[in-house]
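J.: Here it is, the structure, as structure tokens.
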């Protein structure tokens, strides 16, 4: 009877996904990076986020956490850049302690180059330093629509503006220090404005060279303190030749920068609706790469299988470049937690949500032990 009961409980654990036969070191050998990417919580949501780390991320053996901070931190180096509802040093240290206790590496992010705001709303950097804007002649519309005559999606800063890096490097350093991080995520995705003809500094210059120059500048600054640079990979893919398009790849020639940036930059290769296998491309170029799903569970679980297959079928030189999976969310922390826990009526049902994809992706990772 005891043997039957033991068999029943073991089977139940496997079916529920609450038990893994992998040890931490065993899973590390199959998928070294098992990550989660989310917006930093607001002060009132720190405690609920800590519970999520302890109750949901840790049991799934998540070992990497991208924290999308931007300017929601109370900077001392540049307090004028601290956005509303910014976390304090004390708030951040609570997150750092929870992650350290669960062996989770934190990689904070501030969007560099592109995504300096959203649609018609400039972000904090350009609100405070409007002179950094790559396209100051583009006016904010009364009502935003896409597409539009100005090709306005999100603004960029001009990477050649004198003194801009003095500001950026100060907040990067402060953020990495407070998060006790050995790496920084610079974003750099969906850069539509770069090398604009009317810009007096970079107008007419090669956009690939400009993009690579900004990557190298950030990389080299981080390297001074032994820190890694991680970026999204879309601007390094030729969107026209591959047919991947202008969102998940580049139409403005930045893709050639893939041969101009340091090979120790870690590429976050995101594809959300279709599991394009461009991780192979980045690995063949010499980069470490992680694949990043979002809300399509079928695609996300296939991306897990692909990453495992790439590592298994590769040469020793290539295998180590296929690093793993990072599930993304792209909503406020509270919105994600509401959806995940089924709180409120605003959370959509069904499988096409980031929280269900998170469950399914890590269930698939857990099933690798079987």
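The values are calculated or read from the model by the stated rules, or taken from the named source; none is laboratory data. Predicted model, so just to flag it, every value in this text is computed and none were measured. Ideal geometry is used to build each Cβ from the backbone, glycine not excepted, and the neighbour counts take in all protein chains shown.
J.: Pick from 69, 62, 96: which is touching a strand residue (DSSP E or B) at 6+ places or on another chain (Cβ under 7 Å), in contact (Cβ under 8 Å) with a residue 60 or more places away in the chain, over 29 Å from residue 195 (Cβ atoms) and surrounded by 21 or more Cβ atoms within 10 Å (Cβ to Cβ)?
T.: 62
J.: Take the conditions at pLDDT 95 or above, in a loop (DSSP other than H, G, I, E, B) and within 25 Å of the chain's Cα centre (by Cα) and apply them to residue 108. Does it pass? If you could, list the steps in order and put the result at the bottom.
T.: Working: at pLDDT 95 or above: yes; in a loop (DSSP other than H, G, I, E, B): no; within 25 Å of the chain's Cα centre (by Cα): yes.
It is false that residue 108 is at pLDDT 95 or above, in a loop (DSSP other than H, G, I, E, B) and within 25 Å of the chain's Cα centre (by Cα).
J.: Could you identify the single residue in 154, 99 that is under 24 Å from residue 37 (Cβ atoms) and part of a loop (DSSP other than H, G, I, E, B)?
T.: Being under 24 Å from residue 37 (Cβ atoms) and part of a loop (DSSP other than H, G, I, E, B) holds for just one of 154, 99, which is 154.
J.: How many residues are touching a residue at least 60 places away in the same chain (Cβ under 8 Å) and either surrounded by fewer than 20 Cβ atoms within 10 Å (Cβ to Cβ) or in contact with a strand residue (DSSP E or B) (Cβ under 8 Å, 6 or more places away or on another chain) (or both) if we restrict to region 246-257?
T.: Kept after step one, since they are touching a residue at least 60 places away in the same chain (Cβ under 8 Å), are these residues of region 246-257: 252, 254.
Within this subset, residues satisfying the condition of being either surrounded by fewer than 20 Cβ atoms within 10 Å (Cβ to Cβ) or in contact with a strand residue (DSSP E or B) (Cβ under 8 Å, 6 or more places away or on another chain) (or both) are 252.
Residues in region 246-257 being touching a residue at least 60 places away in the same chain (Cβ under 8 Å) and either surrounded by fewer than 20 Cβ atoms within 10 Å (Cβ to Cβ) or in contact with a strand residue (DSSP E or B) (Cβ under 8 Å, 6 or more places away or on another chain) (or both): 1 in total.
J.: Being closer than 30 Å to residue 314 by Cβ, over 21 Å from the mean Cα position of the chain (by Cα) and either at pLDDT 95 or above or part of a loop (DSSP other than H, G, I, E, B) (or both) is true for just one of 66, 22, 36. Which residue is that?
T.: Details: 66 fails: over 21 Å from the mean Cα position of the chain (by Cα); 36 fails: over 21 Å from the mean Cα position of the chain (by Cα).
Criteria check complete, one pass: 22.
J.: Among the listed residues 174, 196, identify the single one that is surrounded by 14 or more Cβ atoms within 10 Å (Cβ to Cβ), assigned to a loop (DSSP other than H, G, I, E, B) and touching a residue at least 12 places away in the same chain (Cβ under 8 Å).
T.: Going through 174, 196 in turn, the sole match is 196.
J.: Taking the criterion of being assigned to a helix (DSSP H, G or I), touching a helix residue (DSSP H, G or I) at 6+ places or on another chain (Cβ under 9 Å) and within 21 Å of residue 230 (Cα to Cα), would at least one residue in region 113-131 satisfy it?
T.: Yes, region 113-131 contains a residue that is assigned to a helix (DSSP H, G or I), touching a helix residue (DSSP H, G or I) at 6+ places or on another chain (Cβ under 9 Å) and within 21 Å of residue 230 (Cα to Cα).
J.: Taking the residues in region 130-141 that are surrounded by fewer than 19 Cβ atoms within 10 Å (Cβ to Cβ) and free of Cβ contacts under 8 Å to residues at least 60 places away in the same chain as candidates, determine which candidate is nearest to residue 151 (Cα to Cα).
T.: Checked region 130-141; the qualifying residue nearest to residue 151 (Cα to Cα) is 138.
J.: Here's another thing I want to ask about it. If you go through region 204-244 one residue at a time, how many are in contact (Cβ under 8 Å) with a residue 40 or more places away in the chain, assigned to a strand (DSSP E or B) and surrounded by fewer than 19 Cβ atoms within 10 Å (Cβ to Cβ)?
T.: Counting residues in region 204-244 that are in contact (Cβ under 8 Å) with a residue 40 or more places away in the chain, assigned to a strand (DSSP E or B) and surrounded by fewer than 19 Cβ atoms within 10 Å (Cβ to Cβ) gives 1.
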